[in-house]
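Working notes for the structure below.
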Amino acid sequence: MNIWKKLTHDQVCERVFSALRGNVDYEVNNVLGVPASRLDDKVFFTEPGALAHAPFLSSLIHNPNHIGCHTLGNSEPFFSGTQEIERELIRLCAEDILLGEKNAQDGYVASGGTEANIQAVWVYRNLFMHEHKANPSQIRLLFSEDAHYSMHKASNLLCIPYVQIPVTEKERTADVDALKTELEKLEKEGVKHIIYVANMMTTMFGSVDDLDEIVKVLDASGFDYKIHVDGAFGGFVYPFISKKQALTFKNPAVSSITLDAHKMVQAPYGTGIFLCRKNLIEYVETGAAQYVQGHDYTLSGSRSGANAISVWMILQTYGPHGWHEKILLLANRAAWLGKQLQQLNVPYFRAGKSNIITMDASFISKEIAIKYGLVPDTHDNNPDWYKIVVMDHVTVDSLEPFIEELTTHLTEVNG
Ligand SMILES: Cc1ncc(COP(=O)(O)O)c(C=O)c1O
């Protein structure tokens with residue numbers, strides 16, 4: 001680990017307060033031109049003494065705007081102190097978690113996984129358009145049928161038609177034979193460029209695409225392609241439960257990765273993370289952002305620096321080993337749940353050591369599903385599946401009553 005070290009609360013406070021001191025202080029500096037200030041003190045409690053040990057709340061009150069991308073070029077000087085923390089967070093994620101080379105990635109804290117995924121498709125669409133004079137009809141966005149619906153948004157917004165690749169029944173990963181067939185069809189349609197989004201743990205099943213196999217098929221197809229990994233759910237889980245490196249920056253075929261700290265990291269909402277290799281994010285530079293120092297390379301525009309600080313604080317407080325232990329604990333609880341379901345003969349899907357357990361809905365009553373907040377694969381029809389995501393608050397103690405009630409239900413149904 002180059003960057004990721006466990007820090008004490010005092011060290012975290014020291015670092016964040018020192019970063020805030022590196023930003024503009026609206027009370028002291030005479031800043032007249034920016035449409036920004038501290039949070040309104042008629043509404044928000046801003047007593048400095050009371051916040052002395054609360055670096056995140058202090059960051060919210062200071063309200064730094066992290067507009068732009070801070071891993072390349074210039075950035076707004078007003079918030080340079082806390083931009084440094086975001087830069088460190090991007091390096092921690094890209095290098096220490098996702099095995100990128102030192103300082104070889106760009107990135108920023110986005111509003112969520114959706115934005116980070118759209119940002120990736122935007123980068124590659126522009127790359128194909130600028131470098132190869134492609135028109136959008138010659139580009140296809142490919143992803144598995146279990147991929148997140150943000151792909152559909154990206155396709156719609158960026159006018160890139162999409163193709164969904166069926167998943168295998170057993171593994172629920174993109175079916176490479178179906179991919180081959182689709183690519184043959186696309187060649188006949190005159191498509192030249194592929195943006196492939198691979199899943200690092202899908203929303204409903206936690207399944208992980210076999211990227212090595214996908215790359216073999218893409219290479220053999222002769223298409224020009226770029227690969228983005230959607231690790232919005234899995235980015236802070238999968239690298240800690242699997243030794244495989246195909247979905248990391250160690251794999252030269254991977255150009256960008258989405259992470260999402262407001263899921264497993266329990267950071268505040270607004271903490272998606274977009275990461276990409278150097279020399280890519282420039283394809284979405286908005287030169288028209290003339291009033292922003294360093295221009296803008298992000299979909300967001302203005303965004304809260306406090307969000308980046310919150311993710312940095314959480315990861316530094318755990319440290320790499322503490323985080324690993326946390327994820328293993330969740331995986332152990334999921335294993336316990338799997339064992340109980342097996343004993344009840346309830347079919348379920350669990351990908352490896354994933355903390356998502358997806359159960360056959362026909363074994364679960366609607367009442368139980370509602371009572372225990374299970375999430376169905378669809379709200380529009382009768383669901384085929386219900387999932388449990390083993391988060392921090394989902395302990396064995398909280399799973400036990402669910403299993404007891406399910407046991408009673410199945411006994412009643414089966415006589
Ligand atoms: C795999 C995956 N990708 C993307 C997203 C979208 O994330 P967000 O809701 O933060 O935009 C989700 C959300 O559940 C997800 O599970």
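Every read-out reported here was derived from the displayed coordinates using simple, explicitly stated rules and does not represent laboratory data. Computed from a predicted structure; not experimentally measured. Cβ: placed from backbone, ideal geometry, glycine included. Neighbour counts: every protein chain shown.
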*Where the Cα atoms of the stretch 290-369 are projected onto their three principal axes, how long is each span, largest first, in whole Å?*
62, 32, 23
*Over the chain, calculate the relative contact order: mean separation of alpha carbon pairs under 8 Å at least 6 apart, over the residue count, as a percent.*
19 percent
_Net charge of neighbours whose Cβ lies under 12 Å from the Cβ of Trp336, counting Lys and Arg as +1 and Asp and Glu as -1_ = +1
*Pull up all non-local amide H partners of Phe205: gap of 5 or more, or a different chain, and H-to-H distance under 5 Å with H placed in the peptide plane.*
none
*Can you work out the FRET efficiency for the pair Glu405 and Gln245, with r the C-beta to C-beta distance and R0 = 51 Å, to the nearest 0.05?*
0.80
*asked:* Let me check the size of the stretch 67-145 from its C-alpha atoms; what are the radius of gyration and Dmax in Å?
replied: 15.3, 44
*Given the Cα-Cα distance of Gln342 and Tyr26 and 0.36 nm per residue of separation, how much length would full extension add, in nm?*
107.8 nm
*asked:* What FRET efficiency comes out for Leu72 versus Glu145 if R0 is 41 angstrom and r is the Cβ-Cβ distance? Round to the nearest 0.05.
replied: 0.70
_Could you tell me the relative contact order of the stretch 278-412? Use alpha-carbon pairs under 8 Å, at least six residues apart, and round to a whole percent._
18 percent
*asked:* Order these by the 10 Å Cβ neighbour count, fewest first: Met391, Met200, Met359.
replied: Met391, Met359, Met200
*With a cut-off of 14 Å, note down the residues of the stretch 324-344 whose backbone N falls inside the zone around a label point 7 Å from the Cα of Lys6 toward its beta carbon.*
324-327
*Using only Cα atoms, locate the centre of the stretch 338-415 and the centre of the stretch 169-248, then give the distance between them in Å, rounded to an integer.*
28 Å
*asked:* Looking at the calculated P(r) for the stretch 160-292, what percent of the C-alpha pair distances fall above 24 Å?
replied: 36 percent
*Compute the Rg/Rh shape ratio of the stretch 282-332: radius of gyration over Kirkwood radius, all on alpha-carbon atoms.*
1.26
*For Ala289, enumerate residues with amide H under 5 Å from its amide H, sequence gap 5+ or separate chain, H modeled in the peptide plane.*
Asp296
*Rounded to 5, the percent of DSSP beta bridges in the stretch 77-317 classed as antiparallel*: 40 percent
*Considering the stretch 82-212, what Rg and Dmax in Å follow from its alpha-carbon atoms?*
16.1, 51
*asked:* With every atom except the alpha carbons ignored, what do you get for Rg and Dmax of the stretch 259-415, in angstroms?
replied: 21.1, 72
*Any chance you could tell me what percent of the C-alpha pair distances in the stretch 77-317 go past 27 Å?*
31 percent
*Do the sum for the chain: with -39,500 (n - 2.57) for every DSSP H run of n ≥ 4, divided by all residues, what is the mean residue ellipticity at 222 nm, to the nearest 500 deg cm²/dmol?*
-12000 deg cm²/dmol
*Translational diffusion coefficient, Stokes-Einstein: compute it for the chain using the Kirkwood radius over C-alpha pairs as Rh, at 20 °C and 1.002 mPa s, and state it as an integer in µm² s⁻¹.*
94 µm²/s
*How big is the antiparallel share of DSSP beta bridges in the chain, given as a percent to the nearest 5?*
55 percent
